[in-house]
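Read the structure below first, then the notes.
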Amino acid sequence: MASTEIYNFEVSQNNFNSIVLINSYKLPVFALFMSPSIGDCIKLERRLSDFTEEFAGQFILARIDVDMESDLKEQYDIVNVPTIKVFKDGNMVHQEIGLLDADELADLMKAHGLFRRSDEMRDEARAQHLQGNTPQAIKILTEAMNSDPSNARIAMDMVQIMLDINLLDQAVDLYNKLPDREKESEIGKALLGQITFKGLAAKTPGLVELLEQVNQQPDNFDARFGLAICYVAEHGYEEAMNQIFEILNVEPTYKEGAAQELAVTIINMLEANDSKLAQDSRRILSNMLSQ
């Protein structure tokens with residue numbers, strides 16, 4: 001098998017043994033048991049498919065539609081989807097149930113030998129940034145870029161740091177240089193959302209002043225709306241949703257639906273990094289709007 005070939009197969013009962021079990025003696029096989037009617041399954045399939053391109057020839061993705069392959073579903077005790085089962089040397093050696101975010105999936109791939117040294121440097125930079133040593137994080141990411149310029153995730157991490165330290169213009173400039181594919185990824189869309197909200201927040205009186213206005217005038221919905229924008233710009237998504245819910249609880253059609261639109265935008269941003277908060281917020285929003 002050529003090292004640059006992408007191994008991404010739709011698998012049935014007829015070819016399961018040949019694609020999954022026999023090939024697992026050559027390469028790790030990630031068997032994704034899924035249903036195309038379930039959103040989390042589609043998300044995980046796309047993330048795994050991206051990895052088949054990044055690590056072309058290094059592992060096999062086998063996609064099993066449990067709606068069509070009931071025998072395989074029963075044989076491998078699939079209760080919930082999506083479920084990933086990793087096969088090596090003819091045996092199932094690892095299992096993950098449920099949707100994995102990008103970082104969790106990367107950790108799973110790394111556990112089976114699929115990683116890049118530059119991604120380890122990204123992890124190191126992220127740790128330094130979270131510890132408050134941002135200059136060191138930027139230095140590490142710069143070294144990672146120089147050593148592995150094809151890894152666009154490094155530049156995306158740099159965009160995130162620039163946004164965190166309020167270097168909006170520099171973040172926008174670097175984001176615009178990203179490949180279109182990365183801009184269309186979940187992380188790329190989340191970064192664009194942050195860039196947008198940073199720009200919007202800069203046009204408000206600011207978080208501190210708006211918070212004071214809301215404390216003094218709880219029914220000042222303009223202040224609450226601006227405060228929600230500022231919270232999003234600072235990653236305070238739950239606080240932002242709380243402000244929007246306060247508005248919608250009293251005035252569902254605030255600014256011709258602007259609060260509803262903002263709520264949906266934030267929820268979509270949350271899908272990539274905090275699916276639970278996204279689901280909870282979507283449920284609350286749906287209940288409020290149905291009353």
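For the residues R46, R126, R122, the requirement of being within 21 Å of the chain's Cα centre (by Cα), on the phi < 0 side of the Ramachandran plot, surrounded by fewer than 17 Cβ atoms within 10 Å (Cβ to Cβ) and among the basic types (K, R) singles out R46.
Residues checked against (1) without any contact (Cβ under 8 Å) to a residue 12 or more places away in the chain; (2) closer than 15 Å to I266 by Cα; (3) outside the structural domain of L248 (by TED's automatic domain parsing); (4) not small (G, A, S):
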position: D173; (1), (2), (3), (4): yes, no, yes, yes
position: P179; (1), (2), (3), (4): no, no, yes, yes
position: A190; (1), (2), (3), (4): no, yes, yes, no
position: Q194; (1), (2), (3), (4): no, yes, yes, yes
position: D219; (1), (2), (3), (4): no, no, no, yes
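Taking the conditions (1) surrounded by fewer than 19 Cβ atoms within 10 Å (Cβ to Cβ); (2) in contact with a Phe, Trp or Tyr (Cβ under 8 Å, 6 or more places away or on another chain); (3) not basic (K, R) in turn, I97 satisfies each one other than (2). Taking helices (runs of 4 or more DSSP H) as the structural unit, those lying wholly within segment 177-291 and holding at least 1 residues that are under 30 Å from S150 (Cβ atoms) correspond to 180-183, 186-201, 254-270, 275-290. Filtering A155, A106, A190 for residues that are surrounded by 18 or more Cβ atoms within 10 Å (Cβ to Cβ) and modelled with pLDDT of 95 or more leaves a single hit, A155. Take the residues in segment 199-223 that are touching a Leu at 6+ places or on another chain (Cβ under 8 Å) and closer than 23 Å to A278 by Cβ; name whichever of them is surrounded by the most Cβ atoms within 10 Å (Cβ to Cβ). Among those that are touching a Leu at 6+ places or on another chain (Cβ under 8 Å) and closer than 23 Å to A278 by Cβ, it is A201.
Among the residues of segment 131-148, is any over 22 Å from the mean Cα position of the chain (by Cα), among the basic types (K, R) and either at negative phi or assigned by TED's automatic domain parsing to the domain that holds E54 (or both)? Taking every residue of segment 131-148 in turn, at least one turns out to be over 22 Å from the mean Cα position of the chain (by Cα), among the basic types (K, R) and either at negative phi or assigned by TED's automatic domain parsing to the domain that holds E54 (or both).
Filter segment 243-266 for residues that are under 15 Å from L289 (Cα atoms) and within 22 Å of the chain's Cα centre (by Cα); which is surrounded by the fewest Cβ atoms within 10 Å (Cβ to Cβ)? If we take residues in segment 243-266 being under 15 Å from L289 (Cα atoms) and within 22 Å of the chain's Cα centre (by Cα), then E261 is surrounded by the fewest Cβ atoms within 10 Å (Cβ to Cβ). Flag: N14 does not match the condition of being surrounded by 14 or more Cβ atoms within 10 Å (Cβ to Cβ) and assigned by TED's automatic domain parsing to the domain that holds P82.
How many residues does segment 130-151 hold that are surrounded by fewer than 20 Cβ atoms within 10 Å (Cβ to Cβ) and either hydrophobic (A, V, I, L, M, F, W, C) or assigned to a helix (DSSP H, G or I) (or both)?
Going through segment 130-151 one residue at a time, the tally reaches 11.
Take residues that are among the hydroxyl-bearing types (S, T, Y) and tell me which of the helices (runs of 4 or more DSSP H) falling wholly in segment 29-129 contain 1 or more. Give the derivation first.
On the way: elements: 39-54, 70-75, 102-111.
Output list reads 39-54, 70-75.
Annotation: L200 fulfils all but one of (1) under 27 Å from D101 (Cα atoms); (2) touching a residue at least 24 places away in the same chain (Cβ under 8 Å); (3) not acidic (D, E); the unmet one is (1).
The values are calculated or read from the model by the stated rules, or taken from the named source; none is laboratory data. All figures in this text were calculated on a predicted structure; none of them were measured in a lab. When we count neighbours, we look across all protein chains shown, and the Cβ atoms used for this are built from the backbone with ideal geometry, even at glycine.
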